[in-house]
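Everything on this sheet refers to the single structure shown next.
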Ligand SMILES: [Fe+2]
Ligand SMILES: [Fe+2]
């Protein structure tokens, strides 16, 4: 079918994690299960193999136990590590424009570079990630510009990421200790980190633990245990607190540091380290705040998607109310709408902000995003219905949509409503190649161009409540 993609495992290389076993009880959700699954969106945004946040959490909790961290601090550390990259989308657009390259690749590569020292590693990073596809003269100019401004650039992208990450932690109701830990994640023991240049014990303990844990996972996953420990030893006293590196070495000597990290059990083992598991109901404010927060994380990736998830949620719920959906169905619809574009975290800003038509390869990547949304949400217990609605937002009644080419009766009413809300907000938004339309004009275009692919009842409901949405 036109526009449909059929995926083989090798086409989604970042996603090689096993399905998780489901533990939540019928009437409640375990907060850690929801947050750990949603952390996969952050892994996509940082270019890390999916599961990085969860594996970092497991390593951080092992280090915490080794140094005898209090239960209260371990509770904060657990969620801080799962959400340590919550600010990663805020600097994506800035990185793309500054480097002139794929922001996700640049983020992945920088994590395998000691950027604090000028070396073959940093030169190689610059050659690979600064304007790599541009003609030679432009490339040289971009490299020269970056060489002169790299300190300021690096400070700015780190600062906005850290501040936004902390703000997201506060938004979902986590403690100030958790938020502070995320805000100082990139500070180094020797004071050469960013954004504040904090030194030694000025750096929150949670940040010191998380920096070591995430670096261990990144090198372990990319290059193996031996190199991961070598990096920890080499950077001891520079990036990392020496006592924490010694703690890692002690755990490794007992054969426990890397245990379960590559196994199917990694999620269950990581979740078993939560000191006091918390449950929430589907209609809890906590759950709603988590969905709002992840919608904001996705929307922050590009100025062209500013407020998109929130707008789509409001439009979809307004249509749903017009069509007399009950309170539970409206709640599921709102949360599905807030989370519908989670998979866009895995799409480079080179594509999201391209000022023109996407080529075939770029479309292939773009069409993956609802698939990633589905993979992230489907893994959460009791999210079956929500994941189907969210991941169907680019499907069309005639089967020409993506990623599965579903048609007609395969699409629930909520999925049809979401598709209408998605197109309506997209038509009104500013894009890299067009100024924003008024909502009135967007409605006119939607009616004229897309009506045969959308549910006419949903379009009619949108038209009936148009005044409400335009006010
Ligand atoms: Fe969308
Ligand atoms: Fe989308």
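The values are calculated or read from the model by the stated rules, or taken from the named source; none is laboratory data. Fair warning: this is a prediction, and the values are worked out from it, not measured in the lab. Every residue, glycine as well, gets a Cβ built from its backbone with ideal geometry; the counts of neighbours run over all protein chains shown.
Among the candidates 306, 324, single out the residue that is more than 19 Å from residue 461 (Cα to Cα) and without any contact (Cβ under 8 Å) to a residue 40 or more places away in the chain.
Numbers: 324 fails: more than 19 Å from residue 461 (Cα to Cα).
Exactly one of 306, 324 is more than 19 Å from residue 461 (Cα to Cα) and without any contact (Cβ under 8 Å) to a residue 40 or more places away in the chain, namely 306.
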Margin query: When you scan the range 428-440, do you find a residue that is within 29 Å of the chain's Cα centre (by Cα), within 16 Å of ligand 2 (Cβ to nearest atom) and part of a helix (DSSP H, G or I), even just one?
Written below: yes
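It is to be established whether one or more residues within the range 277-300 are away from ligand 1 (no atom under 16 Å from the Cβ), in a loop (DSSP other than H, G, I, E, B) and over 30 Å from residue 344 (Cβ atoms).
Within the range 277-300, the subset away from ligand 1 (no atom under 16 Å from the Cβ) is 277-290, 293.
Next cut, in a loop (DSSP other than H, G, I, E, B) only: 277-278, 281-284.
Okay, now just the ones that are also over 30 Å from residue 344 (Cβ atoms), so 277.
Yes, the range 277-300 has at least one match.
Is it fair to say residue 270 is closer than 28 Å to residue 190 by Cβ and in a helix (DSSP H, G or I)? Can you show your working first?
Numbers: closer than 28 Å to residue 190 by Cβ: no; in a helix (DSSP H, G or I): yes.
So residue 270 fails the test.
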Notebook entry, point to check: If you go through the range 338-382 one residue at a time, how many are without any contact (Cβ under 8 Å) to a residue 24 or more places away in the chain and either away from ligand 2 (no atom under 15 Å from the Cβ) or more than 20 Å from residue 300 (Cα to Cα) (or both)?
Noted result: 8
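Could you run through the range 309-321 and say how many residues are within 16 Å of ligand 1 (Cβ to nearest atom) and either in contact (Cβ under 8 Å) with a residue 24 or more places away in the chain or surrounded by 20 or more Cβ atoms within 10 Å (Cβ to Cβ) (or both)? I'd like the intermediate steps shown before the answer.
First, pick out the residues of the range 309-321 that are within 16 Å of ligand 1 (Cβ to nearest atom): 309-317, 319.
From what's left, either in contact (Cβ under 8 Å) with a residue 24 or more places away in the chain or surrounded by 20 or more Cβ atoms within 10 Å (Cβ to Cβ) (or both): 309-316, 319.
Counting residues in the range 309-321 that are within 16 Å of ligand 1 (Cβ to nearest atom) and either in contact (Cβ under 8 Å) with a residue 24 or more places away in the chain or surrounded by 20 or more Cβ atoms within 10 Å (Cβ to Cβ) (or both) gives 9.
Quick grid of which residues meet (1) surrounded by 20 or more Cβ atoms within 10 Å (Cβ to Cβ); (2) closer than 13 Å to residue 189 by Cα; (3) out of contact with any helix residue (DSSP H, G or I) (no Cβ under 6 Å at 6 or more places or on another chain); (4) outside the structural domain of residue 54 (by TED's automatic domain parsing):
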position: 223; (1), (2), (3), (4): no, no, yes, no
position: 227; (1), (2), (3), (4): no, no, no, no
position: 232; (1), (2), (3), (4): yes, yes, no, no
position: 244; (1), (2), (3), (4): yes, yes, no, no
position: 251; (1), (2), (3), (4): no, no, no, no
position: 257; (1), (2), (3), (4): yes, no, no, no
position: 260; (1), (2), (3), (4): no, no, no, no
position: 265; (1), (2), (3), (4): no, no, yes, no
Checklist line | Filter result (in a helix (DSSP H, G or I), modelled with pLDDT of 90 or more and surrounded by fewer than 21 Cβ atoms within 10 Å (Cβ to Cβ)) within the range 389-414 | finding: 410, 413
Margin query: Given the criterion free of Cβ contacts under 8 Å to residues at least 12 places away in the same chain and in the same structural domain as residue 206 (by TED's automatic domain parsing), identify the matching residue among 117, 62.
Written below: 117
